[in-house]
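The values are calculated or read from the model by the stated rules, or taken from the named source; none is laboratory data. Just so you know, these numbers come straight off a predicted model, no measurement behind them. Positions of Cβ are backbone-derived with ideal geometry, glycine not excepted, and every protein chain shown enters the neighbour counts. The area values use the complete protein model at the heavy-atom level, side chains included, leaving out ligands, DNA and RNA. Shrake-Rupley method; radii C 1.70, N 1.55, O 1.52, S 1.80 Å.
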Amino acid sequence: MKFIDIAKTRHAVRSYLPRPVEPEKVAQILEAAHVAPTAGNCQPVRLLVLQTPESLEKAAQAADLYGAPLAILVCADHNLAWTRPYDGKQTGDIDAAILTDHMMLQATELGLGSVWVCYFHPDRLRAEFRLPPNLEPINLLALGYSADGPGDPDRFQRERIPLHQLVCQELC
């Protein structure tokens, strides 16, 4: 499948089949995260793979995982993140977003659905998974086999602003 087809097929899945994700697919998703770029190659992202009923229940105390059989808690490590010297902006959250996007697209290529969950209680995640102070939960990526099938690749014509509104050439 071409990249643009993968990108257009990926959509937010909020209903999953009760089928576990095969270990080889989990490994490929994690490999996609591993090769994702990070600012200054600092690699300040840590992933907690949640697959057991116990760990998924812990995560469900903080967020809706929509019944996904697999979730990945994506955290930024503030001790490792690159910092822009001009204003002190740390890029751990940006790096975490890049890794998450790589994982979502890899999951789509593998026939899996996903949803990026940012609506969660960070303090509950910190407590449930005993995260050290330097790890900030950025998002939860819920993954599994979609109960609704693939996304409609033509929906972008209806759901997105026109390309000419998105893009400015040189000056806006």
(message) Between Leu17 and Arg160, what is the label-point separation in nm under the 7 Å Cα-to-beta-carbon projection?
(response) 2.8
(message) Under a Cβ-only charge scheme (Lys and Arg +1, Asp and Glu -1), can you give me the dipole magnitude of segment 1-146 about the Cα centre, in debye to the nearest 20?
(response) 160
(request) Take the alpha-carbon positions of segment 63-164, form their convex hull, and give its projected area averaged over all directions (one quarter of the hull surface) in nm². (result) 9.1
(request) Starting with the highest mean, order 57-70, 150-163 by the number of other Cβ atoms within 10 Å, averaged over the residues of each peptide. (result) 57-70, 150-163
(request) Leaving ligands, DNA and RNA out of it, report the carbon-plus-sulfur percent of the accessible area of segment 64-151 at a 1.4 Å probe. (result) 53
(message) If you average 1/r across every pair of different Cα atoms in segment 1-59 and take the reciprocal, what Kirkwood value do you get, in Å?
(response) 14.4
(request) Per residue of segment 8-13, in order, report the coupling 6.51 cos²θ - 1.76 cosθ + 1.60 (Karplus, θ = phi - 60°) as ³J(HN,Hα) in whole Hz, putting x for Gly and Pro. (result) 6, 7, 4, 8, 6, 9
(message) Under 5 Å between amide hydrogens, which residues at least 5 positions from Gly113 or on another chain qualify, with H placed 1.01 Å from N in the peptide plane?
(response) Gly144, Tyr145, Ser146
(request) Would you mind getting the accessible area per residue of segment 75-172, heavy atoms of the protein chains only, 1.4 Å probe, in Å²? (result) 61
(message) Given Cβ point charges of +1 (Lys, Arg) and -1 (Asp, Glu) and nothing else, what value in debye, to the nearest 20, does the dipole of segment 55-99 about its Cα centre take?
(response) 80
(message) Helix check for the chain. Which DSSP H runs span at least 18 Å along their own axis by Cα, with a mean Kyte-Doolittle hydropathy no less than -1.0?
(response) 92-109
(request) Work out the charge dipole of the chain with +1 on the Cβ of Lys and Arg and -1 on the Cβ of Asp and Glu about the Cα centre, then indicate which of Gln165, Leu125, His102 is farthest towards its positive end. (result) Gln165
(request) Would you mind working out the magnitude of the charge dipole of segment 63-172 relative to its Cα centre, with +1 at each Lys and Arg C-beta and -1 at each Asp and Glu C-beta, to the nearest 20 Debye? (result) 160
(message) Give the average over all directions of the projected area of the C-alpha convex hull of segment 1-113, one decimal, in nm².
(response) 8.2
(request) Calculate, for segment 16-70, the solvent-accessible area per residue in square angstrom, rolling a 1.4 angstrom probe over the heavy atoms of the protein chains. (result) 55
(request) Taking the dipole about the Cα centre of segment 1-64, with the C-beta of Lys and Arg at +1 and of Asp and Glu at -1, give me whichever of Asn41, Ile4, Gln51 is farthest to the positive side. (result) Ile4
(request) Before rounding to the nearest 500, sum -39500 (n - 2.57) across all DSSP H runs of length at least 4 in the chain and divide by the residue total; then give [θ] at 222 nm in deg cm²/dmol. (result) -9500 deg cm²/dmol
